[in-house]
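Heads up, the thing below is written out as structure tokens.
All of the numbers you see were taken from the coordinates with simple rules; none came from a lab. Keep in mind it's a predicted model, so treat the numbers as computed, not measured. Positions of Cβ are generated from backbone atoms using ideal geometry, with glycine treated the same way; all protein chains shown enter the neighbour counts.
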Amino acid sequence: MELWGLVLGALLVVIVGYLYVSRLSRQRKPQEPPLDKGPVPWLGHAIAFRKNMVEFLKHMQAKHGDVFTVQLGGQYFTFVMDPCSFGPIIKDTKRKLDFVEYAKELVLKVFGYAPLQGDYQMIHSASTKHLMGAGLEELNEAMLDSLSLLMLGLKGRSPDASCWCEDGLFHFCYNILFKAGYLTLFGYTEDKEQDLLQAEEIFVEFRKFDILFPRFVYSLLGPREWLEVGRLQRLFHEVLSVKHNQKKNGISNWISDMLQFLKEEEVAPAMQDKFNFMMLWASQGNTGPATFWVIFFLLKYPEAMQAVKEEASKVLGKTKLEVNQAFSCDLSVLKCTPVLDSVMEESLRLGASPTLLRVVKSDQSLKMANGQQYLLRNGDKVAIFPYLSVQMDPDIHPEPTVFKYDRFLNPDGTRKVDFYKEGKKIHYYNMPWGAGVSICPGRFFALSEMKLFILLLVSYFDLELVDPDTPVPPINPQRWGFGTTQPSHDVRFRYRLQPTE
Ligand code: HEM
């Protein structure tokens, strides 16, 4: 007993000593960015950062300026907050910053998937082929069918479809987009009724994982939550398994091409199941929440809703459904909606908050737009957080917290791409999809599916907030830095299919 006490005591001394020395050992070298190691050895600023990333970064920027290095859980992150200096990091022509290594660690932890060397190229080339251009047209058709199924039912419009229903808007958007996206990408069985039930079950479990996700990434889960995450991972590996896929029709070419590559590389079926889980997350974790923000702003700002409805009726024409009729739509209209495009960009500007991360592969210097040079250390991470540096910059976007549906429209109705900072035209003025090597390869499909859903909703349905005076819900601070944000609470709304008369 006494011996154990001694061993434990010695261990404690070693750990505390190590933490203390490691905190003291790193010193700022000449030309390096300001270094802020934080109040707690090893953890550094992790607690404040995880509590509210936006408030933390605002505080650091006020204290240190546009470039600073902070310690977070034993790792050093250099944040670059000046958007005019993003170019060298995003373009990285000398390939001295690495995106893949960091992503590898994360996907292994979160999805259990151990990526192969060629995965990055494979995902991007399958996405270029099937989530953009001609491949996208095929997927849009499939998405229209899925949305029809989910919004109208198996037999199209039912005779009693015009009564009002009430729901949480966040739940409504996420639920429909998730199920439609999942079925479109991962396919149907012979029994569509059963598929709908299964998609609902998967959505319920997906939300449980989604809620735990930010704290899981930061390793902040309690013991029960760890067990729950393990259960959810196993469940998704099972329901998305290659074994189940064999019973399905209409799996998208995007998914089947990627799985074919893994098979050819002799990746074990159990690992392919994990790959599917990762793709489910990448493809479904953002579109529902992003659509919530769009519809919420449309309901909150009648002028915006009016403009979108007018545009929708111009491109779609008559939108009354007869009994048993499903949605039909010429999908080329998705390319002719500048007003809705501006609404989408504006909603993403307000609601998307990804973090772009790169690992520094060797000591190197970073040249800022103002000519100042900083040394970056091998092994550190460089981080960009466009929500604060770009999307909320009042110089680039006057009154940045206000939703302006035509912010991304020129007076002649074309897409506005000219934005300025300190009088200079700026390249990165809105970055919901990330940028450079890690830019979202699904962005064109994401926009199409969200736009299709929104066009159908505003054209065929009546919708209104239960309380028209409801304020914009605050963003859940746990979600900062993780792609599309989510509201801290849901907002009640009601909807009905427009009556035929
Ligand atoms: C509103 C919707 C979406 C948003 C805002 C969004 C945003 C993003 C961002 C910011 C990244 C980069 C993350 C990083 O830098 O590490 C990303 C990655 C990715 N996204 Fe999206 N995304 C959306 C929808 C989609 C959809 C619908 C798909 C596929 C159908 C998709 C597929 C992917 C994939 C596969 C990656 C990882 C790419 C890689 O490993 O390089 N995303 N997304």
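Taking a point 7 angstrom from the Cα of GLN75 along the C-beta vector, which residues in region 83-123 have backbone N less than 19 Å away? Correct set: 89-90, 96-116, 120. Cα centroid separation, region 397-424 to region 300-322: 23 Å.
With θ taken as phi - 60° and the Karplus curve 6.51 cos²θ - 1.76 cosθ + 1.60 applied, the whole-hertz 3J(HN,Hα) list for region 29-40 is 8, x, 6, 7, x, x, 10, 10, 7, x, x, 10 Hz, x standing for glycine and proline.
Going by a ≥ b ≥ c, the root eigenvalues of the Cα gyration tensor, does region 170-268 fall in the rounded group (a/c under 1.5), the prolate group (a/b larger than b/c) or the oblate group? Numbers along the way, then the final one.
Values: a/c = 2.11, a/b = 1.31, b/c = 1.61.
Oblate shape, in that a/c is at least 1.5 and b/c is the bigger or equal ratio.
For the pair GLN372 and THR500, a Förster radius of 60 Å applied to the C-beta separation gives a FRET efficiency near 0.35, rounded to the nearest 0.05. In this structure the amide hydrogen of LYS421, modeled in the peptide plane, comes within under 5 Å of the amide hydrogens of ILE426, none closer than 5 places in sequence on its chain. Spin-label pair ALA114-THR128: with each label point 7 Å from Cα along the Cα-Cβ axis, the two points sit 2.9 nm from one another.
Based on Cα contacts under 8 Å between residues 6+ apart, region 387-487 shows a relative contact order of 17 percent. Angle check, please: helix 269-284 long axis (alpha carbons) against the longest principal axis of the chain (alpha carbons), in degrees 0 to 90, nearest 10. On a 0 to 90 degree scale, this one is about 70.
Pairs from the table (LYS179/LYS248; LYS63/LYS300; LYS129/LYS309; LYS109/LYS248) lying more than 26 angstrom apart at Cα are LYS63/LYS300; LYS129/LYS309; LYS109/LYS248. Look at the alpha carbon pairs under 8 Å that are at least 6 residues apart: their mean separation over the length of the chain gives a relative contact order of 23 percent. Axis of helix 443-460 versus longest Cα principal axis of the chain: the two differ by about 40°, to the nearest ten degrees. Global dimensions of region 343-456 from alpha-carbon coordinates: Rg and Dmax equal 16.6, 52 Å. With both labels modelled 7 Å from their Cα along Cα-to-Cβ, the GLN260 to CYS165 distance reads 3.7 nm. Scalar couplings 3J(HN,Hα) for region 67-72, obtained by applying the Karplus form with A = 6.51, B = -1.76, C = 1.60 to θ = phi - 60°, are 9, 7, 10, 10, 8, 9 Hz; x denotes Gly and Pro. Can you tell me the mean projection area, over all orientations, of the convex hull of region 103-217's alpha carbons? Units nm², please. Mean projected area for region 103-217: 9.7 nm², to one decimal. Residue-wise HN-Hα couplings along region 471-477, as the Karplus relation 6.51 cos²θ - 1.76 cosθ + 1.60 with θ = phi - 60° gives them from phi, are x, 4, x, x, 7, 5, x Hz; Gly and Pro carry x. Computed extension length for GLN27-ASN52: 6.4 nm, one decimal, from 0.36 nm per residue of separation with the Cα-Cα distance subtracted.
Since only ALA270, LEU116, LEU280 are under comparison, the one whose Cα sits farthest along the positive direction of the charge dipole of the chain, derived from C-beta charges on Lys, Arg, Asp and Glu, is LEU116. About its Cα centre, the chain has a charge dipole of approximately 1700 debye under the convention of +1 per Lys or Arg Cβ and -1 per Asp or Glu Cβ, with nothing else charged. From the alpha carbon centroid of region 122-170 to that of region 33-50 is 45 Å.
Taking only the Cα atoms of region 271-373, the ratio Rg/Rh comes out at 1.16, with Rh defined as the Kirkwood radius.
Run the numbers for LEU227 and SER313: contour at 0.36 nm per residue of separation, minus the present Cα-Cα distance, in nm.
Values: separation 86, 0.36 × 86 = 30.96 nm, distance 5.01 nm.
Here the segment from LEU227 to SER313 would lengthen by 26.0 nm.
Segment GLN194..THR414, full-extension length gain: 74.8 nm, with 0.36 nm per residue of separation and the alpha-carbon distance subtracted. For the chain, the longest principal axis of the C-alpha atoms and the axis of helix 169-186 are separated by about 90°.
Overall form of region 397-484: rounded. Here a/c, set by the Cα gyration tensor axes a ≥ b ≥ c, is under 1.5.
The residue among PHE327, LEU348, VAL382 whose Cα reaches farthest toward the positive pole of the charge dipole of region 322-395, with charges on the beta-carbon of Lys, Arg, Asp and Glu, is VAL382.
Note on the chain: percent of Cα-Cα distances in each 20 Å bin, starting at 0 and stopping at the bin with the largest distance, equals 21, 53, 23, 3, 0.
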